[in-house]
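See below for the structure under consideration.
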Amino acid sequence: QVQLVESGGGLVQAGGSLRLSCAASGRTFSSYAMAWFRQAPGKEREFVAVISRSGATKAYADSLKGRFTISRDNAKNTVYLQMNSLKPEDTAVYYCAADRRNSISQTMRTYDYWGQGTQVTVSS
């Protein structure tokens, strides 16, 4: 069992930056691929980024490449999402998720554990 707790969300002006964190419980964090998804009001949850167990492999939603960066610190059981040049359309609840199969998937059903989410609001 893995428990995930996101933090770092908030209100930011367009063009600003935020860094989200997702802290995981347990001693097996390094055995999970970790991902970020987001869900805007009235929309389906969508893939943002994923990072492999070791951190060597990363993948991003095409529309976010160059602005968002995923990273992890296995010693701290934490995965991060650095978000730069934020736009109002980035406003959403951001969720982290863990995949024990390390499949580097962009599909929600692949993921075994989810956090409760953290709200990001970007004002224009």
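The values are calculated or read from the model by the stated rules, or taken from the named source; none is laboratory data. Just so we're clear, the structure is a prediction, and the values are computed from it rather than from any experiment. Backbone-built Cβ (ideal geometry, glycine too); neighbour counts: all protein chains shown. Accessible surface is based on the protein model in full, side chains and every heavy atom, while ligands, DNA and RNA are left aside. Shrake-Rupley method; radii C 1.70, N 1.55, O 1.52, S 1.80 Å.
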q = 0.23 Å⁻¹, the chain: log10 I(q)/I(0) [Debye, one scatterer per Cα]: -1.40
Going by amide H atoms built from the backbone, whose H comes under 5 Å of the H on Tyr113, apart from near neighbours? Ala98
Using amide H atoms built in the peptide plane, which far-off residues or other-chain residues are under 5 Å from Asn102 H to H? Ala33
GNM top mover of Ser30, Ser17, Ser63 - the chain, alpha-carbon springs below 10 Å: Ser63
Residue separation times 0.36 nm, minus the C-alpha to C-alpha distance between Ser103 and Ser71: what's the value? 9.9 nm
So for the chain, averaging the separation of alpha carbon pairs under 8 Å that are six or more residues apart and normalising by length, what relative contact order in percent results? 36 percent
Which value in nm describes the separation of the simple spin-label points at Ser124 and Ser63, placed 7 Å from the Cα toward the beta carbon? 1.6 nm
Those GluC sites (Glu not before Pro) from the stretch 1-77 that are DSSP loop and have at most 15 other Cβ neighbours within 10 Å turn out to be Glu44
Hey, if you put +1 on the Cβ of every Lys and Arg and -1 on every Asp and Glu Cβ in the chain, which of Thr69, Tyr111, Phe29 ends up farthest toward the positive end of that dipole? Phe29
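Quick one: pull the percent of accessible area on the stretch 1-85 belonging to carbon and sulfur, 1.4 Å probe, ligands and nucleic acids left out.
44 percent
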Once phi is turned into θ = phi - 60°, what whole-Hz ³J(HN,Hα) does the Karplus curve with 6.51, -1.76 and 1.60 give for every residue of the stretch 47-56, x standing for Gly and Pro? 5, 10, 6, 9, 9, 6, 3, 7, x, 6
